[in-house]
1. Taking only DSSP H segments of four or more residues, each worth -39500 (n - 2.57), what value at 222 nm results for the chain once the sum is divided by all its residues, to the nearest 500 deg cm²/dmol?
2. For the residue pair Leu42 and Arg219, what label-to-label distance in nm results when each label sits 7 Å from Cα along the Cα-to-beta-carbon direction?
3. Using the alpha-carbon atoms, what tilt in degrees (0 to 90, nearest 10) does helix 60-70 show relative to the longest principal axis of the chain?
4. Return the lysines within reach of Lys203: Cα separation strictly under 22 angstrom, same-chain partners fewer than 8 residues apart disregarded; answer none if there are no such residues.
5. By the gyration tensor of its Cα atoms, with a ≥ b ≥ c the square roots of the eigenvalues, what is the shape of segment 3-121: rounded for a/c under 1.5, prolate for a/b over b/c, or oblate?
6. For segment 130-222, run through the trypsin sites (Lys or Arg not before Pro) and keep only the ones in DSSP coil with at most 12 other Cβ atoms within 10 Å of their Cβ.
7. Compute the whole-percent fraction of alpha carbon pairs in the chain spaced more than 22 Å apart.
8. Rounding to the nearest 10 and keeping the result within 0 to 90°, find how far the Cα-based axis of helix 11-23 lies from the longest principal axis of the chain.
Amino acid sequence: MSSILVVEDEDRIASFLAKGLTAHGYTVTRVADGHTGIDYALTGDFDLVVLDIGLPGIDGFGVLEQVGAQQPSLPVIVLTARDSVTDTVAALEGGAVDYMSKPFRFDELLARVRLRLRTAANVGSSGDDVLTAGRLRLDLRTRELAVDGRQIELSAREFRLAEVFLRHPKQVLTREQLLSQVWGYDFDPGSNVVDVYVGYLRKKLGASAITTVRGMGYRFDG
């Protein structure tokens, strides 16, 4: 049975989430402010966090930063009333695996919870704590990437993209596949975000690390 932490200061929404998730077999703990959310999330007792952005004490972005630094494998789904591309990008860049804008439908949230728990379980059971390809070494526990032994700083989204590439070396991955695995199944398929982040990785890993396969996608050559 998976354990979920709900960090939400609106009692009505927190109660709604807790009742719904409990009814579907999850163990739910509710907290109402950012500082308490951090304390609970870092205990290691939870499989997933549902996190509101507008919290008292320290907001959701601050929670993401601290939890991501110490528990990078803990999946976080962000809830936000801020219908802003900037806030959405900031949440995803901060390490959230998914987001939902308020108001939301519970059945959609439930589907995302199930998806993210399943994905986390698959990654955790893969046995691949360290991925290597050519000059690159990616440590999934410490979230560190080294090229020829030299540490490279990556954002949360860059790290996830690098992980997908290193799990599929020499394979052509379409933009749609990368969008689904890195940004989530509901991200705008017309976005050029994949191309932008491939460009970021090339600057850090070397231009020859990722090859553009015209009309198909990208191939990681290491």
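The numbers here are math on the coordinates, done by the rules we state, and not lab data. Model, not experiment: these values are computed from the prediction. As a convention, Cβ positions derive from the backbone with ideal geometry for all residues, glycine included, and neighbour counts pool all protein chains shown.
1. Values: 8 runs with 89 residues, N = 222.
So the calculated ellipticity at 222 nm is -12000 deg cm²/dmol.
2. Going by the 7 Å Cα→Cβ label model, 4.5 nm.
3. 60 degrees
4. Lys170
5. Numbers: a/c = 1.21, a/b = 1.10, b/c = 1.09.
It comes out rounded by the Cα gyration axes.
6. Numbers: sites: Arg135, Arg137, Arg141, Arg143, Arg150, Arg157, Arg160, Arg167, Lys170, Arg175, Arg202, Lys203, Lys204, Arg214, Arg219; in loops: Arg135, Arg141, Arg143, Lys170, Arg214.
Counting only loop positions with at most 12 other Cβ atoms within 10 Å, the trypsin sites (Lys or Arg not before Pro) in segment 130-222 are Arg141, Lys170, Arg214.
7. On the way: 12713 of 24531 pairs.
Of all Cα-Cα distances in the chain, 52 percent exceed 22 Å.
8. With both axes taken from Cα atoms, the answer is about 70 degrees.
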